[in-house]
Amino acid sequence: MKQKRSICLSLNQIKMKNCPYCGNNGKFYLKVYSRIYHRCSKCDLIYKDFQESYDKSVAVYRDKYFSKYSSEQLRGNRNKLFESILNRIERKRQVGRLLDVGTGCGFFLVAAQKRGWKPAGIEPSMQSVEFGRKKSRLDIFHGTLMEYAGDAKLDAITFINVLEHSVEPWQEIERAGKFLKPGGLIYIRFPNGLVHGKIQLLASRIGLSNRVGRFLVFHKYSFTPGYIRRLLSDSGFSEITFQNSQLSEGDPGGLFSNVFVTRAAKRSFYLVAKAIEIITHKQLLLGPSLEVTATKRYAG
Ligand SMILES: [Zn+2]
């Protein structure tokens, strides 16, 4: 059984030696710039040794999300990705009620609405909420999933590059389960912790750690399929299926010389990873981003 540990909510930063999910002794895994990450040998969670408090973390997204992070959505760089996510969900469920956690300006909700879903979103940034409400008359709750009060009638709930930013992602998944119908679907997209971790480890061995760091994605947590599988299973989900996720078309880190090179490079990475996924029957997932779907178990 998992052992939940509540991270102190009053201090700005908390040092975490032990795994915050299962309490096992964490061991040093890698360093990204000045940030140190540990990896739990029991549940496979990769976590930063210092974490912000819940309050401080929410404040960052509430106050700074729109100005710092909304440009990729506003440019439409995620529109094709959103369509591919809906394609995946609709292969598993008929359209119905959907909740998107951390919905930003609501472009995913707009795409879902056009396909017949009754979508709603949750977003801590008031500027983003106002954008979505005014531009597209979307149903967006201003706040966090922990503050949201809904009924348990959702057909699907989505976390698109959101969970790895959460202070206590296991609390979010447990709460998500309360709002889903039995048999409802959860969808999570996240950076592939195994791939980003292995590249960073290799780079640090040859002295290129800082140069490679900007190509890689490490947030509060770095998720491996093994950890996400355990988290979902512990939280009452079954039929857990992973695959490589299509990539967005943006280049927020300014890694490539122009938009055409960006698209070509990302498309190539994705196609190679997809080919390996098919050849290995989903045993080897080497894409930079993964997606997982799972079904809320029926009681009993
Ligand atoms: Zn652990």
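Just so it is clear, none of the values below were taken in a lab; they were calculated from the coordinates. On a predicted model such as this, the values are computed, not experimentally measured, just so you know. Cβ atoms come from the backbone with ideal geometry, glycine included; neighbour counts cover every protein chain shown.
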GNM on the chain, C-alpha springs below 10 Å: top fluctuator among Met146, Met126, Met16? Met146
Can you tell me which lysines have their Cα less than 29 Å from the Cα of Lys153? Leave out same-chain residues fewer than eight positions away. Lys2, Lys4, Lys80, Lys92, Lys114, Lys118, Lys134, Lys135, Lys178, Lys181, Lys296
Once the Cβ-Cβ distance between Glu174 and Ser41 is put in as r, and R0 is 22 Å, what FRET efficiency do you end up with, to the nearest 0.05? 0.40
Spin-label proximity, Tyr298 to region 174-211 - amide N less than 15 Å from point 7 Å beyond Cα toward beta carbon: 181-185
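Please give me, ordered by residue number, the chymotrypsin sites (Phe, Trp or Tyr not before Pro) of region 9-73 that lie in loop per DSSP and have at most 16 other Cβ atoms within 10 Å.
On the way: sites: Tyr21, Phe28, Tyr29, Tyr33, Tyr37, Tyr47, Phe50, Tyr54, Tyr61, Tyr65, Phe66, Tyr69; in loops: Tyr21, Tyr33.
When the chymotrypsin sites (Phe, Trp or Tyr not before Pro) of region 9-73 are filtered for loop state and at most 16 Cβ neighbours within 10 Å, Tyr33 remain.
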